[in-house]
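To start, the structure itself, in structure tokens.
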Amino acid sequence: MKILGLVGGISWVSTIDYYRYINQAVNKRLGGNESAECIIYSVNYGEIIRHNESKDLEGTFDIISEAAGHLKNSGAGAIVLCANTMHMFADELEAKIGVPVIHVAVATANEIKNKSLKKVGLLGTKLTMEMDFYRSKLSEHDIQTIIPDEEDRNYIHEKIYSELGKGIIKEETKSGYLSIIQKLISQGAEGIILGCTEIPSLIKQADVNVPVFDTTLIHSEAAVAFAFS
């Protein structure tokens, strides 16, 4: 089993889920009291947010690459970026540190293909929804992506930072998200990507009448599959 290096803290809420899912997946494979060999480097989420809001993405990359470098030096055989948005750096990071970065969008695309879907809605931070790094990976698998309108993107983004990333769950926010999801379904979305690792704490499959893709769980299971490859 390869040692997994988790860049966490983005946010700490979803990092807890990653740790739980990865250990559960390893134990499912091995049984007994077996668990994952992994290392977590938890960064300061506030610093990440400040860099992103000031459009200093180079500053954000420096934080992520330094964390990944520490994990590599500690023996990690692969890097797991515990946030969808940070995958805007995945290819650059992998080239810089020389260790595989398990890409959440690739893992999610494989799950979508397994369900034979061709058109999906994407929820996440504004960077995830608006930049090309996520949608391009889906497009490589012949998956079309649609995103909410600007007003809805702003709403989703604001709630991630003011509530979900702090572990705050509100019914009114859930209703707002479900309304946005319904709009995407009416535009032809055959499934919905919960493309921020905090969103699955708010939205569950039982809430939506098309497949939802929990990227935290999908990414965790892909990481474990790699660890055993």
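The values are calculated or read from the model by the stated rules, or taken from the named source; none is laboratory data. None of these values were measured; they are calculated from a predicted model. Note: ideal-geometry Cβ built from the backbone for every residue, glycine included; neighbour counts use all protein chains shown. With ligands, DNA and RNA removed, areas are computed over all heavy atoms of the protein, side chains included. Shrake-Rupley method; radii C 1.70, N 1.55, O 1.52, S 1.80 Å.
A few notes on this one:
- Helices (runs of 4 or more DSSP H) fully within region 84-179 counting 1 or more residues that are over 23 Å from residue 7 (Cβ atoms): 104-114, 132-139, 150-162
- Among (1) part of a loop (DSSP other than H, G, I, E, B); (2) open to solvent by 20 Å² or more (accessible area, probe 1.4 Å) - the single one residue 10 does not satisfy: (2)
- Looking only at residues in region 189-226 that are in contact with a strand residue (DSSP E or B) (Cβ under 6 Å, 6 or more places away or on another chain) and small (Gly, Ala, Ser), the one that is surrounded by the fewest Cβ atoms within 10 Å (Cβ to Cβ) is 191.
- Considering (1) out of contact with any Leu (no Cβ under 7 Å at 6 or more places or on another chain); (2) modelled with pLDDT of 95 or more; (3) closer than 27 Å to residue 169 by Cβ, the lone condition that residue 35 does not fulfil carries the number (3).
- Total residues in region 19-66, condition in a helix (DSSP H, G or I) and acidic (Asp, Glu): 5
- Identity of the residue in region 115-136, out of contact with any helix residue (DSSP H, G or I) (no Cβ under 9 Å at 6 or more places or on another chain) and open to solvent by less than 60 Å² (accessible area, probe 1.4 Å), that ends up nearest to residue 211 (Cα to Cα): 117
- Lone qualifier among 186, 229, 139 - being modelled with pLDDT under 95 and open to solvent by 60 Å² or more (accessible area, probe 1.4 Å): 229
- When region 191-205 is filtered for residues that are under 10 Å from residue 122 (Cβ atoms) and in contact with an Asp or Glu (Cβ under 8 Å, 6 or more places away or on another chain), only 194 remains.
Each row is one residue, and each column tells you yes or no for (1) open to solvent by 30 Å² or more (accessible area, probe 1.4 Å); (2) closer than 20 Å to residue 134 by Cα.
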| site | (1), (2) |
| --- | --- |
| 17 | yes, no |
| 20 | yes, no |
| 40 | yes, no |
| 48 | no, yes |
| 53 | yes, yes |
| 62 | yes, no |
| 93 | no, yes |
| 98 | yes, no |
| 113 | yes, yes |
